[in-house]
Amino acid sequence: MIDRQTIDKIMDAANIVEVVSDFVSLQKRGTSYKGLCPFHDDTTPSFSVSPSRGVYKCFACGKAGNAVGFIMEHEQMTYPEALRYLAKKYHIEIAERELTPEEREAQNDRESMFIVNEWAARYFHDILLNDTDGKAIGLQYLRSRGIRDDIIERFQLGFAPKQRFSMGKKAMKEGYNKRFLIQTGLCFERTTNNADSSPDSDAEDDAKKSDNNLIDRFAGRVIFPWLSISGKFIAFGGRLLDARTKGVAQKYVNSPDSDIYHKDHELYGIYQAKKSISKEDRVYMVEGYTDVIAMHQCGIENVVANSGTALSVYQIKLLRRFTQNVTLLYDGDEAGIHAALRGTDMMLEEGMNVKVLLLPKDEDPDSFARKNTAEQFRQYIKEHEQDFLVFKTEYLLKGVTDPIQRSQAIIDIIGSIAVIKDQIVRATYVQECARRIGIHESALIAEMNKIIERNIDNRNKLQQRTQQPAQTPTAPPNPQALKPHTQPFRPKVEDEVERCIIQQVIRKGELIVVTAEENADADTQGALNVAQYIYQSLSIDELSFSNPLYNTILKEAVEQSNNPDFKAENYFTRHPDINISSLAAQLVTEEYTLSERLKMELTEQSLLVMVDHLLLDFRLRYVNNKMKQLQLHLSQCMDDEEETDKTLQSILQLQTLRNAIAKRLGRNFM
């Protein structure tokens, strides 16, 4: 358990802008910050972060909360896990007892896999730096490629011992669960027909020398850990050393997909690059681990790799949180050209601004970065990168004279333009394309419209195929359940009024609205703040909110009112109940902020008038709902004269009450 004092220390230290900026590119707008929401497919900046209040809110999807809530939502963590994450970020020590082996085994599988991976990363890194073979083989290899010690630390590079059972044996000895070693892909079990059991010819022989049947997947390889955007170890890549790669098809072995790692969802180097990407408002996409590392060492840090997989929508959306500008930086050979063409359309469809740079012949980002300074590399990029349209036009039409082949190439180019969603950008590209290839713009537009219509039809067909079958109609409700008065009546009050009332509790709950001299209630005696006044007003008529969360908030606000340091907004936006802190963040954040000149001065009297108006509105809606219930009952009891008279009398009483409330609100029901 984490004590309250430590939680407060974490909440005080957690800067909401810093926390969110680790995952979302933010731009200052007035007193707040704006960015693309990471919780839905945002195309315009709907996500707002308020540093003064310490909260975030998306005005499109409605997600809101504090720094802890953001980490919980974004990283799918529990409340304690999010607190530990922030404590680590802000170097706050949390004193917690060591977990027993039984408790460790009982932990959530997903968290256990993270724990095992973190241990493995430390293990590989320690072997590289301190083990005899690690230094003589792994470290020497990295040094031969010119990789500095600070880069080794930044990327937590490591080395796996050649003995195929070493890591699994040590992990088991230290109490780590065999099941998670297998689920993360760090090890696999020795079987006679295991397809993965012989990446090297001596795999089984080495394993048989041990009493452990776990075989290390990465034995004898240099290790490249994959870190998630939040810095968690999610997977590993292992590379055979140059002397062993001859005749070996698998130069690299990667972690298999698991509950915590899906290769097409992740980008190598995103954790190390995210701040630089946001700062530079551009990302360089390369192919491999060493490309990323070499460019970092060169001084260019806004670089990531998809590491051999076909680029996916998930990866593009991950990048789009930080920038819309991407340069595909590949080898100048045929494979590099095809890699560049392969990802272009998907990026354009997701609203990215795409440029392509092919390096000189026989160069890749790794070798080029080692030969040039950051300034020289950037200058080369500036002089040689091409807009996707220029690149694709030059490549597809170069030397093509056959009319059929040329028309097919032009259709391919127009197909790329057609996926762009922004109409102005699309029209601009059509104009540029017409100018470059010498075809009238109207012909290109006609072809593009055909492609757009075809794409829409294909999406609709796919959607129809993937739709869930209609649910079986549910049985009609029990007629007995429709009979009035069979259960205690609780009219449903419109949530918007309740929401406005609880908003005042959260925003201004501690502010005094009735002084001790003005309070004539013998039971309370003393000044009343907003929370106490609302609670007392509702209690007189034995009313409560239909939303249980609102009742909890009001009750806590009243209880906390005895604390002289109680500030409702601060208390509820930092509440340990994520539902309460999320709601508080929603209710304290406004999409638009009035200038100081237009703001009305809030006085004790004006606040009381506003609260009274809301409470009257609450009562009016309560009465209206109860009248509707009685009118329904009246239509069902016409055969019972006594019950009809009784119901009519109740309706008349409620009408009188409704008219009195409406009069105070300045409305007319007569």
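The values are calculated or read from the model by the stated rules, or taken from the named source; none is laboratory data. On a predicted model such as this, the values are computed, not experimentally measured, just so you know. All Cβ positions, even for glycine, are placed from backbone atoms using ideal geometry, and neighbour counts span all protein chains on display. Side chains included, ligands, DNA and RNA excluded: accessible areas come from the protein's heavy atoms. Shrake-Rupley method; radii C 1.70, N 1.55, O 1.52, S 1.80 Å.
Key figures for this structure:
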quantity: In segment 153-176, residue modelled with the highest pLDDT [restricted to those that are open to solvent by 40 Å² or more (accessible area, probe 1.4 Å) and among the polar types (S, T, N, Q)]; calculated: GLN156
quantity: Residue among ASN570, ASN579, ASN659 that is surrounded by 14 or more Cβ atoms within 10 Å (Cβ to Cβ) and at pLDDT 85 or above; calculated: ASN570
quantity: Qualifying residue in segment 604-614 (condition: open to solvent by 80 Å² or more (accessible area, probe 1.4 Å) and modelled with pLDDT under 85); calculated: yes
quantity: Condition met for GLN532 (at pLDDT 80 or above and surrounded by fewer than 21 Cβ atoms within 10 Å (Cβ to Cβ)); calculated: no
quantity: Residue count for segment 260-276, restricted to those that are part of a helix (DSSP H, G or I), over 24 Å from ILE337 (Cα atoms) and either touching a residue at least 60 places away in the same chain (Cβ under 8 Å) or of a type in the set (Lys, Arg) (or both); calculated: 3
quantity: In segment 61-94, residue modelled with the lowest pLDDT [restricted to those that are surrounded by fewer than 18 Cβ atoms within 10 Å (Cβ to Cβ) and closer than 13 Å to PHE39 by Cα]; calculated: GLN76
quantity: Test: residue in segment 640-650 that is within 23 Å of VAL497 (Cβ to Cβ), more than 50 Å from the chain's Cα centre (by Cα) and open to solvent by 60 Å² or more (accessible area, probe 1.4 Å); calculated: no
quantity: Per-region count, segment 1-27, residues open to solvent by 80 Å² or more (accessible area, probe 1.4 Å), more than 15 Å from THR323 (Cα to Cα) and at pLDDT 85 or above; calculated: 1
quantity: From ILE137, ILE147, ILE115, residue being surrounded by 15 or more Cβ atoms within 10 Å (Cβ to Cβ), within 27 Å of the chain's Cα centre (by Cα) and at pLDDT below 95; calculated: ILE115
quantity: Top-ranked residue in segment 369-392 [being surrounded by fewer than 17 Cβ atoms within 10 Å (Cβ to Cβ) and acidic (Asp, Glu); ranked as farthest from ALA340 (Cα to Cα)]; calculated: GLU375
quantity: Residues that are of a type in the set (Val, Ile, Thr) and either in contact with a Ser or Thr (Cβ under 9 Å, 6 or more places away or on another chain) or at pLDDT 50 or above (or both), drawn from segment 450-508; calculated: ILE451, ILE452, ILE456, THR466, VAL493, VAL497, ILE501, ILE502, VAL505, ILE506
quantity: Tally of residues being open to solvent by less than 40 Å² (accessible area, probe 1.4 Å) and either closer than 13 Å to VAL286 by Cα or not in a strand (DSSP E or B) (or both) across segment 322-342; calculated: 14
quantity: Hey, ILE293 at pLDDT below 90 and either crowded, with 23+ Cβ neighbours inside 10 Å or of a type outside the set (S, T, N, Q) (or both) or not; calculated: no
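Residue-wise test of (1) at negative phi; (2) touching a residue at least 40 places away in the same chain (Cβ under 8 Å); (3) not in a loop (DSSP other than H, G, I, E, B).
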| site | (1), (2), (3) |
| --- | --- |
| GLU363 | yes, no, no |
| VAL430 | yes, no, yes |
| CYS433 | yes, yes, yes |
| MET448 | yes, no, yes |
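This table checks each residue for (1) assigned to a strand (DSSP E or B); (2) within 20 Å of LEU142 (Cβ to Cβ); (3) basic (Lys, Arg).
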residue: SER258; (1), (2), (3): no, no, no
residue: ILE293; (1), (2), (3): no, yes, no
residue: VAL304; (1), (2), (3): yes, no, no
residue: LYS355; (1), (2), (3): yes, no, yes
